[in-house]
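The values are calculated or read from the model by the stated rules, or taken from the named source; none is laboratory data. Only a predicted model underlies this, so the values are computations on that prediction, with no experimental measurement involved. Note: ideal-geometry Cβ built from the backbone for every residue, glycine included; neighbour counts use all protein chains shown.
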Amino acid sequence: MKKKLMLLSLPALILANTISFEDALDKTLTNNQSLKAKKLSIEKAKLDLKSAKGYNYGTLTFNENIARSNNALNVFGMKLMSREADFGDFGFKDFLGGIGNVMGAAGGDFGKFSNMMSDPNAQKQMLDTQPDDLNNPDARTNYETKVIYEVPLFTGFKLSNAKSMAQLQIKANMAKYNHDKKQVGLDVLKAYNGAVAAKYFIDATQKAKEATSSFVHFATEMYKEGFVTSIDVKQAKVYDMKINSQILEAKNQYSLALAYLRFLTNDKEITDVADFKTIAIDMNNIDTLKNDLYINRDDFRWMKQNTATMKKKIAFEKSGNYPMIGAHLEYGFNDNQLNNLKSTKDYYTMAVGLEYKLFDGFKTSANIQQAKIAYEKTKHYLDYMKSGIKLQVEKALLTLKTKQSVLKEKIKAKTLADEVLVQAQQMYENQLMKMSDLLMQQALAQKARAEVILAKYEETIAAAQLKLALGNKLK
């Protein structure tokens, strides 16, 4: 029979996947989607810093522009850019033709030619001539190849302050992420120890079931012997049935607790938990821990970095009061064919520009005032958090001491209730107590066991909350 029982229990042992708190926390920190999303904030802050640093290096741009036009101004400009313009493009052909006509009319006489050219009417006729080559050029295609480098030389300290703000936000987001990781540890502890407590509730109700089943058996035997009435048997059976429903409820709570733990860890194979996870705190060293309180609190560091960022934001907005200086370097080629990389076709442009806003409708001053208000607002939140953290530690410390005292009292009460139950059972067997009184003592003993389990759970959570309030990790 024993071999058969061992064989029946073997598959259950193989299939059981018992997890410890440490493993549950590791899996949660690895698989938690919320933490993964928050970690991206750190990466975003790093990219903001990279972007701010990138402005210092300027921008290098390659352009290839292709244009075709028969617009007189465009065509003449294209020829100038490719260094191909000649006097013919100015319309000198028509001008020289007019001079030749005057010379012919003068019969080659230079004196007569000079007199004719001095005539205002002749001059007007010459100047009113519209050069056809200049006004009606043939369409031309221009290929412009160029490289442009633009770099800010002075931005009113805007870029340096932007980099400082980005660096502060990296630290702020890292502190916030570490704080959230610690808080996730508390969620895991509640789920894990909640599952352990539910498991202990099952065990406690099953022990109560053993007791009530023995009551039913003993009352039945006593009834057969005529020592008790049938009401004792019925009372015992009713209470025994009540225990059955409590076992079902306890198992359901255990299943729900495991389901939540599987959700947190993203491990669908968890079927069991080990024992309670206790959180050790050196109460003798509590004053030293309080002194290091703000150093260890990640959320406080997060707020400090945000406050420093807001202070830098004031300097960032003040950059609008300074001039902006930048450099522009350009090197390129122009020609009427794509193969235009020729030394005779190249050009360069170097320029340094200064821009200074004389008046912007008070926008800069308004932005500075808004930044100052944001900074003062964040400072108030920082001071408020500092006071709140101190209160949180005091509250957590007082709660833990209370829960530890309650646990001790509940353990004493359970021990006493168990002793009373044993005595009550003996008294019933000797017909010195009614079945209803015995069942009442059984209920009290069962309640005492449940209260010890609950008190143990609450004591572990209170210890964890104090540890987190002090800025420490649960693991």
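Which is assigned by TED's automatic domain parsing to the domain that holds Asp298, buried (at least 18 other Cβ atoms within 10 Å of the Cβ) and at pLDDT 95 or above, of Lys456, Lys414?
Lys456 is the lone residue from the list that is assigned by TED's automatic domain parsing to the domain that holds Asp298, buried (at least 18 other Cβ atoms within 10 Å of the Cβ) and at pLDDT 95 or above.
Could you go through region 107-116 and let me know if any residue there is surrounded by fewer than 16 Cβ atoms within 10 Å (Cβ to Cβ) and modelled with pLDDT of 75 or more.
No, region 107-116 contains no residue that is surrounded by fewer than 16 Cβ atoms within 10 Å (Cβ to Cβ) and modelled with pLDDT of 75 or more.
What are the residue pairs meeting all of these: first residue in region 126-145, first residue small (Gly, Ala, Ser), second residue loosely packed, with under 12 Cβ neighbours inside 10 Å, Cβ atoms under 6 Å, and 6 or more apart or on different chains?
Ala139/Asn70
Just to be sure I understand, how many residues within region 215-249 are of a type outside the set (D, E, K, R) and crowded, with 18+ Cβ neighbours inside 10 Å?
12
Among residues belonging to region 291-317 that are crowded, with 20+ Cβ neighbours inside 10 Å and over 23 Å from the mean Cα position of the chain (by Cα), point out the one that is nearest to Thr364 (Cα to Cα).
Glu317
Taking the condition of being in a strand (DSSP E or B) and either more than 30 Å from Leu159 (Cβ to Cβ) or of a type in the set (Gly, Ala, Ser) (or both), how many residues in region 326-374 meet it?
Result for region 326-374: 10.
For the list (1) hydroxyl-bearing (Ser, Thr, Tyr); (2) surrounded by fewer than 18 Cβ atoms within 10 Å (Cβ to Cβ); (3) in contact with a helix residue (DSSP H, G or I) (Cβ under 7 Å, 6 or more places away or on another chain), I need the number of the one condition that Thr155 fails.
For Thr155, the failing item is (2).
One line per residue, one yes/no per condition, for (1) farther than 30 Å from Ile243 by Cβ; (2) under 32 Å from the mean Cα position of the chain (by Cα); (3) of a type outside the set (Lys, Arg); (4) outside the structural domain of Asp272 (by TED's automatic domain parsing):
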| residue | (1), (2), (3), (4) |
| --- | --- |
| Glu150 | yes, no, yes, yes |
| Ser160 | yes, yes, yes, no |
| Met165 | yes, yes, yes, no |
| Lys182 | yes, yes, no, no |
| Asp187 | yes, yes, yes, no |
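Could you run through region 27-73 and say how many residues are in contact (Cβ under 8 Å) with a residue 12 or more places away in the chain, within 26 Å of Ser160 (Cβ to Cβ) and among the hydrophobic types (A, V, I, L, M, F, W, C)?
Total satisfying the criteria: 5.
Go through (1) surrounded by fewer than 17 Cβ atoms within 10 Å (Cβ to Cβ); (2) closer than 28 Å to Met350 by Cβ and name the single condition Ala139 misses.
Result: Ala139 passes all but (2).
Do we find a residue being of a type outside the set (Val, Ile, Thr) and either without any contact (Cβ under 8 Å) to a residue 24 or more places away in the chain or assigned by TED's automatic domain parsing to the domain that holds Thr402 (or both) anywhere in region 327-338? Working first, answer last.
First, the residues of region 327-338 that are of a type outside the set (Val, Ile, Thr): 327-338.
Next, from what is left, pick out any that are either without any contact (Cβ under 8 Å) to a residue 24 or more places away in the chain or assigned by TED's automatic domain parsing to the domain that holds Thr402 (or both): none.
No, the conditions are met nowhere in region 327-338.
Quick one: Met433 ticks every box in (1) touching a residue at least 12 places away in the same chain (Cβ under 8 Å); (2) not in a helix (DSSP H, G or I) bar one, so which box is it?
(1)
In region 250-276, which residues are of a type in the set (Ser, Thr, Tyr), surrounded by fewer than 17 Cβ atoms within 10 Å (Cβ to Cβ) and touching a strand residue (DSSP E or B) at 6+ places or on another chain (Cβ under 8 Å)?
Within region 250-276, just Thr271 meets the criteria.
Does Lys345 qualify as being among the basic types (Lys, Arg) and in the same structural domain as Phe316 (by TED's automatic domain parsing)? Explain how you work it out, then say what you get.
Details: among the basic types (Lys, Arg): yes; in the same structural domain as Phe316 (by TED's automatic domain parsing): no.
The answer is no for Lys345.
Any chance region 16-31 includes a residue that's under 30 Å from Leu189 (Cβ atoms), modelled with pLDDT under 75 and either assigned by TED's automatic domain parsing to the domain that holds Thr141 or of a type outside the set (Phe, Trp, Tyr) (or both)?
Initially, region 16-31 is screened for residues under 30 Å from Leu189 (Cβ atoms), giving 16-31.
Those still in the list that are modelled with pLDDT under 75 too: 16.
Subsequent filtering for residues that are either assigned by TED's automatic domain parsing to the domain that holds Thr141 or of a type outside the set (Phe, Trp, Tyr) (or both) retains 16.
Checking region 16-31: at least one residue is under 30 Å from Leu189 (Cβ atoms), modelled with pLDDT under 75 and either assigned by TED's automatic domain parsing to the domain that holds Thr141 or of a type outside the set (Phe, Trp, Tyr) (or both).
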